[in-house]
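Engineer: Okay, handing you the structure first.
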Amino acid sequence: MGTQLASNTAPRRGGRGARERILETAVELFYDQGIHATGVAQIAEVAHVSIRTLYQHFKSKNDLVAAYLRRLDMESRRTAEQQVLRTDLTPRDRLLAIFDRLEEDHGGTVRGCPFHNAAVEAAGAMPEVARLVAEHKETFRQRLIEAAGQAGATNPERLGRHLAVLFEGATALSTSCDDKSMISDARSAAVALIDAECPA
């Protein structure tokens, strides 16, 4: 995700669409730069609105962060986590596709999962953000458990939860080290887990 397009948008202040411009800008900047490193003044400038207009639509920065996560939850249908929902793959392949897409998504600097990043930055100070992240991750785990059951796992709950740990660990470690080789390692471990849990 980058900010170049948002920065080059012709200035338009106020009027209809201001809320959407603010939110689109927040999606770009919060992910690229981090939540704490991105101030409301920068968001307002890039979105071509006044700070007053920004606060008319979002009562606080925390409110904007929560809206950012809700937007990602609704629209990130092509992200790695969403690969488990694909209908064109077998259940086993869906379980592995989350790692394949995760590796594809990291073309430049590894920024990782925006939900994980938000949880780290929230650090107990943003309860609504923590709640949204927890709900998102629990939904992901349940989808993995369901796909594991469809793949014929002897213990779908165990396999799904173990795959979630592998996925989240690979995401966090690759982000910390800016090295996506960890994702390949996690995928190899996932293959071994699936083979052990899903009799041929």
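Engineer: Would it be correct to say that PHE99 is under 12 Å from the mean Cα position of the chain (by Cα) and under 18 Å from LEU173 (Cβ atoms)?
Structural biologist: No; evaluated as a whole, the condition is false for this residue.
Engineer: Also: Of the conditions (1) surrounded by fewer than 20 Cβ atoms within 10 Å (Cβ to Cβ); (2) of a type outside the set (Val, Ile, Thr); (3) modelled with pLDDT of 95 or more, LEU163 satisfies every one except a single condition; which number is it?
Structural biologist: (1)
Engineer: Quick one: how many residues across the range 114-141 are touching a residue at least 60 places away in the same chain (Cβ under 8 Å) and under 18 Å from LEU102 (Cβ atoms)?
Structural biologist: Qualifying residue count, the range 114-141: 5.
Engineer: Any residue in the range 21-29 that is outside the structural domain of GLU146 (by TED's automatic domain parsing), at pLDDT 95 or above and over 17 Å from the mean Cα position of the chain (by Cα)?
Structural biologist: Yes, there is a match, as at least one residue in the range 21-29 is outside the structural domain of GLU146 (by TED's automatic domain parsing), at pLDDT 95 or above and over 17 Å from the mean Cα position of the chain (by Cα).
Engineer: Cβ contacts < 9 Å: first residue small (Gly, Ala, Ser), restricted to the range 83-105; second residue at pLDDT 90 or above, any location; separation 6+ or different chain. Result?
Structural biologist: ALA97/GLN83; ALA97/VAL84; ALA97/ARG86; ALA97/LEU89
Engineer: Find all pairs meeting these conditions: Cβ atoms under 7 angstrom apart; at least six residues apart or on different chains; first residue within the range 27-42 and over 16 Å from ALA123 (Cα atoms); second residue exposed (fewer than 14 other Cβ atoms within 10 Å of the Cβ) and aliphatic (A, V, I, L, M).
Structural biologist: Pairs found: GLU28/MET1; TYR31/MET1; ASP32/MET1; VAL40/ILE51; ALA41/ILE51.
Engineer: If you don't mind, there's one more thing I want to ask. Which condition number does ASP63 fail, the rest of (1) farther than 30 Å from VAL165 by Cβ; (2) among the acidic types (Asp, Glu); (3) modelled with pLDDT under 95 being met?
Structural biologist: (3)
Engineer: Just the residues that are over 12 Å from THR171 (Cβ atoms) and crowded, with 21+ Cβ neighbours inside 10 Å, please, taken from the range 108-121.
Structural biologist: Residue satisfying the conditions is ALA118 alone.
Engineer: Here is a list of conditions, (1) closer than 19 Å to GLN142 by Cα; (2) modelled with pLDDT of 95 or more; (3) of a type in the set (Lys, Arg); (4) surrounded by fewer than 21 Cβ atoms within 10 Å (Cβ to Cβ), and ARG70 meets all of them except one; can you say which number that is?
Structural biologist: It is condition (2) that ARG70 fails.
The values are calculated or read from the model by the stated rules, or taken from the named source; none is laboratory data. Predicted model only: the values in this text are computed from it and were never measured. When we count neighbours, we look across all protein chains shown, and the Cβ atoms used for this are built from the backbone with ideal geometry, even at glycine.
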